[in-house]
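Shown next, in structure tokens, is the structure this report addresses.
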Amino acid sequence: MSPTNVLSAGRGRPAPGHRALAALLGTTRSQVLRQVAKAAPATTSEIVAALEVSAATVSHHTGVLGRSGLITTRRDGASVRHTLTPLGRSLLDAHGLPVAPSTPPSP
């Protein structure tokens, strides 16, 4: 079980908002989106470490999330940083999932 999988009231199942988001996006993609929301902005390396998946997997899913308008991605030196868009924030809010406060982009 991944560290970001939040369980509901000790029943061993993901909480309802997490299940609904996973049904919509897929389990790994929803975990990637939630990790971006937590770390805001999150680097690919941070997501890899948190979810215990490969960098290729994270890159694939962040690409899909970016093309869907849920996150933005920018290169920052050797790192790639992913940030939630207003649409991504709205999707998580609609599912009752936590989102870190917005941080303004660095110049």
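Here are a few things to note about the model shown:
- Based on Cα atoms of segment 17-107, Rg over Rh with Rh as the Kirkwood radius reads 0.93.
- Look at Leu97, Leu87 and count the other Cβ atoms within 10 Å of each Cβ; fewest to most, that gives Leu87, Leu97.
- Cα gyration tensor category, rounded, prolate or oblate, for segment 54-101 with a/c compared to 1.5: prolate
- In this simple spin-label approximation, Asp76 and Ala20 carry label points 7 Å from Cα along the Cα→Cβ vector, and these lie 3.1 nm apart.
- Lys, Arg +1 and Asp, Glu -1 on Cβ, resulting dipole of segment 16-94 about Cα centre, debye, nearest 20: 140 debye
- Fewest neighbouring Cβ atoms within 10 Å first, the residues His18, His60 line up as His60, His18.
- Label-to-label distance, nm, for residues given as Ser68 and Ser45 (7 Å Cα→Cβ offset): 2.7 nm
None of the figures in this text is laboratory data; all of them are computed from the coordinates on show. Quick caveat, the model's predicted, so the values are computed rather than measured. For neighbour counting, all protein chains shown are included, and Cβ atoms are generated from backbone atoms with ideal geometry for every residue, glycine included.
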